[in-house]
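Everything on this sheet refers to the single structure shown next.
The values are calculated or read from the model by the stated rules, or taken from the named source; none is laboratory data. Quick caveat, the model's predicted, so the values are computed rather than measured. Every residue, glycine among them, receives a Cβ derived from its backbone with ideal geometry; neighbour counts consider all protein chains shown. Calculation scope for accessible area: heavy atoms of the full protein, side chains included, ligands and nucleic acids excluded. Shrake-Rupley method; radii C 1.70, N 1.55, O 1.52, S 1.80 Å.
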Amino acid sequence: MAKKKTKNQPKKKQVNAENVIGLHSEVTDQPITQTLEVNYMPYAMSVNVSRAFPEIDGFKPSHRKLLYTMYKMGLLKGERQKSANIVGQTMKLNPHGDAAIYETMVRLATGNEALLAPFVESKGNFGKYYSGDLSYAASRYTEAKLSPISAEIFKDIDKDPVDFVDSYDGAMKEPRLLPTTFPNILVSANKGIGVAMASDICGFNLNEVCTATMHYLQDPDCDLLEYMPMPDFSTGGEIIYRREEMEKIVETGLGSFQIRSRWRWIPEERIIEVYEIPYTTKTDVIIERIVKLSKEGKVKEIADIRDETDLSGLRIAIDLKRGVDPDKLMAKLYRSTTLQDSFSCNFNVLVDGYPRVMGVRQILHEWVKWRIESTRRRINFDLGKKSERLHLLHGLEAILLDIDKAIAIIRGTKLEAEVVPNLMKGFDIDETQAEFVAELKLRNINEEYILNRTKDLAKLEGEIAELEEILSSEDNIKKVISDELAAVNKKYVMPRRTGRIEPHEVIEVSLEPEVEEYPVTIMLSRDGYLKKMTDRVLKKATTLKYKDGDKPFIEFPSSNTHELLVFTNKSQVYKCKVAAFEDTKSASWARTCRPILRWNPTRVSSGSSTPRTTRPTCCSSSRTAARCASRFLDTSPRPTASALRTPSTAAASCCLPRCSRKIATSRWSRATIV
């Protein structure tokens with residue numbers, strides 16, 4: 001049993017270590033400019049340059065690190081591997097964690113359908129870009145490898161076409177850019193949000209981009225819209241084509257265009273089937289909006305809506321009620337939902353480490369400039385290898401004249417270090433050639449081997465001359481680039497997915513609800529209460545019920561589809577629809593106009609220090625309103641600023657035949673109404 005502590009028990013001795021220094025806060029005065037320069041600017045530049053925006057090869061750093069890791073793993077021609085293994089290997093180059101790396105892989109995969117030319121061939125559930133409900137499976141369940149078109153982004157990467165830099169920990173080397181043989185920056189759609197700037201690049205069809213680039217190489221001032229008339233999206237849809245919008249995008253990289261869904265009508269089931277949607281929206285967003293419109297009563301033609309999207313493709317089924325015109329309904333949904341949406345372009349691309357907003361023509365200019373340098377470096381690499389090989393074969397050719405002499409020199413040399421110098425003296429060859437001869441196997445020192453090796457001398461000399469001819473002119477290098485583009489165009493045929501529709505083909509419908517047309521009679525009381533009665537109710541009416549102290553003021557015939565113009569004695573006019581007022585009975589109380597007109601009867605007029613009560617008068621058509629307004633106007637000159645402070649009123653007669661009362665209007669109503 002533990003002993004109880006007594007009151008007289010001494011306290012534990014506290015250690016006071018003066019040499020131990022703990023954490024402490026300190027307030028330091030610093031200019032805000034210095035804080036931004038030292039703390040904020042490095043962060044902003046890191047986000048914009050190293051994360052958010054693509055470079056001229058069309059890839060962000062995260063894309064490039066993932067694809068290069070897969071290339072080094074042999075996944076261009078090998079079998080698929082588990083995505084979890086690929087993600088783990090990529091973390092040697094990308095320190096941002098497995099979740100971010102796997103999400104990058106999902107976007108590049110064929111199964112996700114986010115890109116026109118996906119670079120990852122996937123197996124398993126990689127979700128769907130156009131559906132917020134179909135999410136991708138975990139990395140341990142899926143497999144991936146590089147798709148065939150990835151060979152075009154790694155072509156001749158071992159021939160020094162691009163610079164290599166250290167990884168984040170210095171343990172590995174990674175390419176600064178990928179040597180893409182086609183303008184991937186225009187083929188793959190890209191979106192990035194940085195610090196104080198953003199990027200939103202729409203994709204174009206691969207074959208159209210290659211064709212346009214080939215013509216651009218021949219004539220930089222060519223009409224690009226002739227070869228790549230508009231963007232292309234992996235989700236399909238239809239672009240409402242306006243050439244002036246496309247010209248702005250081509251020249252500036254800014255602007256927007258409208259893209260809408262594709263649908264088909266199934267009359268046997270009375271179903272509208274939407275099978276392609278804009279790239280900027282998702283199926284769940286569209287369905288939620290349509291359901292909201294249906295609950296609000298703005299869309300009454302729909303009986304049911306279902307999202308039948310699965311891994312086989314997109315499908316939104318809309319069941320219609322009987323007698324509904326599907327074309328008019330879809331025209332209404334296009335205007336009310338994201339079934340028709342706008343794509344805002346902002347072609348912000350990193351060029352030499354600096355973000356630049358460029359049009360399609362400028363992007364092609366920068367890509368061709370970069371590709372010329374990349375091709376020149378590759379050709380120089382081939383030229384150096386072939387020249388080196390030719391040099392060695394010339395040395396091998398020299399010993400062909402006397403093989404026995406070469407053997408005698410080697411056998412007669414006592415020290416190994418003297419073999420190469422003795423061969424150099426005996427055959428008048430340099431050190432590199434002598435080293436190559438000395439390294440030959442004993443079985444290869446025969447006439448047949450040497451003749452087989454030296455017979456390629458003429459071929460090598462021809463290839464070297466051809467490479468030197470290419471390097472001698474920039475036009476020759478452009479010809480090489482053009483040939484590579486033609487090969488890509490022929491090997492990877494990709495039909496256009498997004499269609500084109502002309503503006504005059506778009507069906508225009510009004511979003512206003514349909515109003516039944518029938519004659520009505522409008523009655524307005526002196527206190528501003530209004531009654532709208534049909535002719536049938538008015539004929540049966542014996543008495544009209546008003547509140548105590550209220551009396552009739554105006555009565556005139558109208559129609560339920562007309563509009564009312566309400567003039568006040570404060571030089572104001574309000575507009576409303578007759579249909580906005582409910583039909584009333586003769587014995588029912590009248591309804592005030594204020595909620596519908598949104599009018600404040602005690603609002604202070606400009607130049608007046610005290611509020612005045614507003615008294616309205618109504619006109620049921622524009623023509624009548626014009627006549628009525630003309631009677632309200634006074635022919636006296638416009639008052640001065642001092643006169644406006646003490647407004648006076650003048651009497652004017654209303655033009656309506658049933659109203660002979662006098663109404664109050666301001667003397668300077670001419671300036672306000674006109």
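Observations on the model:
- Some residue of the range 64-87 being open to solvent by 10 Å² or more (accessible area, probe 1.4 Å), small (Gly, Ala, Ser), modelled with pLDDT of 95 or more and not in a loop (DSSP other than H, G, I, E, B): yes
- The residues of the range 90-120 that are outside any loop (DSSP other than H, G, I, E, B) and out of contact with any helix residue (DSSP H, G or I) (no Cβ under 8 Å at 6 or more places or on another chain), listed by number, are Ala99, Glu103, Val106, Arg107, Ala109.
- Single residue of the range 212-231 satisfying the filter (in contact with a strand residue (DSSP E or B) (Cβ under 9 Å, 6 or more places away or on another chain) and of a type outside the set (A, V, I, L, M, F, W, C)) that is farthest from Asn348 (Cα to Cα): Pro229
- Only residues that are free of Cβ contacts under 8 Å to residues at least 60 places away in the same chain and assigned to a helix (DSSP H, G or I) were counted across the range 450-470, and they come to 9.
- Among strands (runs of 3 or more DSSP E) entirely within the range 471-561, having at least 1 residues that are touching a residue at least 12 places away in the same chain (Cβ under 8 Å) and open to solvent by 60 Å² or more (accessible area, probe 1.4 Å) singles out 499-501, 519-525, 552-559.
- Residue count for the range 412-432 under the criterion of being among the β-branched types (Val, Ile, Thr), more than 26 Å from Lys459 (Cβ to Cβ) and either outside any helix (DSSP H, G or I) or open to solvent by 30 Å² or more (accessible area, probe 1.4 Å) (or both): the result is 1.
- Within the range 298-313, the set of residues being outside any strand (DSSP E or B), touching an Asp or Glu at 6+ places or on another chain (Cβ under 9 Å) and over 24 Å from Gly499 (Cα atoms) comprises Glu301 only.
- Every residue from the range 348-358 that is more than 27 Å from Thr235 (Cα to Cα) and either in contact (Cβ under 8 Å) with a residue 12 or more places away in the chain or outside any loop (DSSP other than H, G, I, E, B) (or both): Val351, Gly353, Tyr354, Pro355, Arg356
- The range 333-347, residues that are out of contact with any helix residue (DSSP H, G or I) (no Cβ under 9 Å at 6 or more places or on another chain) and either open to solvent by less than 60 Å² (accessible area, probe 1.4 Å) or in a loop (DSSP other than H, G, I, E, B) (or both): Tyr334, Asp341, Ser342, Phe343, Asn346
Okay, residues lined up against (1) out of contact with any Ser or Thr (no Cβ under 6 Å at 6 or more places or on another chain); (2) at pLDDT below 95:
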residue	(1), (2)
Gly192	no, yes
Leu206	yes, no
Thr213	yes, no
Leu217	no, no
Asp221	yes, yes
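- Checking each residue in the range 150-166 for being open to solvent by less than 40 Å² (accessible area, probe 1.4 Å) and either farther than 24 Å from Lys82 by Cα or touching a Pro at 6+ places or on another chain (Cβ under 8 Å) (or both) picks out Ile153, Phe154, Ile157, Pro161, Val162.
- Residue check for Lys575: free of Cβ contacts under 8 Å to residues at least 40 places away in the same chain and within 30 Å of Pro161 (Cβ to Cβ): no
- Residue within the range 98-111 that is among the aromatic types (Phe, Trp, Tyr), over 25 Å from Glu366 (Cβ atoms) and at pLDDT 95 or above present: yes
- Among the residues of the range 364-411, none is identified as among the aliphatic types (A, V, I, L, M), modelled with pLDDT of 95 or more and surrounded by fewer than 15 Cβ atoms within 10 Å (Cβ to Cβ).
- Among the conditions (1) surrounded by 15 or more Cβ atoms within 10 Å (Cβ to Cβ); (2) within 23 Å of the chain's Cα centre (by Cα), the only one that Ile302 does not satisfy is (2).
- Condition check for Lys145: among the charged types (D, E, K, R) and modelled with pLDDT of 95 or more: yes
- Filter result for Arg176 (touching a Gly at 6+ places or on another chain (Cβ under 9 Å), of a type in the set (D, E, K, R) and within 30 Å of Thr104 (Cβ to Cβ)): no
- Number of the exception - Arg322 against (1) closer than 29 Å to Gly192 by Cα; (2) modelled with pLDDT under 95: (1)
- Qualifying residue in the range 319-330 (condition: under 24 Å from Cys202 (Cα atoms), free of Cβ contacts under 8 Å to residues at least 60 places away in the same chain and either open to solvent by 50 Å² or more (accessible area, probe 1.4 Å) or not polar (S, T, N, Q) (or both)): no
- The set of residues from the range 433-443 being assigned to a helix (DSSP H, G or I) and either surrounded by 13 or more Cβ atoms within 10 Å (Cβ to Cβ) or at positive phi (or both) comprises Gln433, Ala434, Glu435, Phe436, Val437, Ala438.
- Top-ranked residue in the range 244-273 [being β-branched (Val, Ile, Thr) and in contact with a helix residue (DSSP H, G or I) (Cβ under 8 Å, 6 or more places away or on another chain); ranked as farthest from Tyr227 (Cα to Cα)]: Ile272
- Selection count where residues are crowded, with 20+ Cβ neighbours inside 10 Å and either among the basic types (Lys, Arg) or in contact with a helix residue (DSSP H, G or I) (Cβ under 7 Å, 6 or more places away or on another chain) (or both), scope the range 121-139: 6
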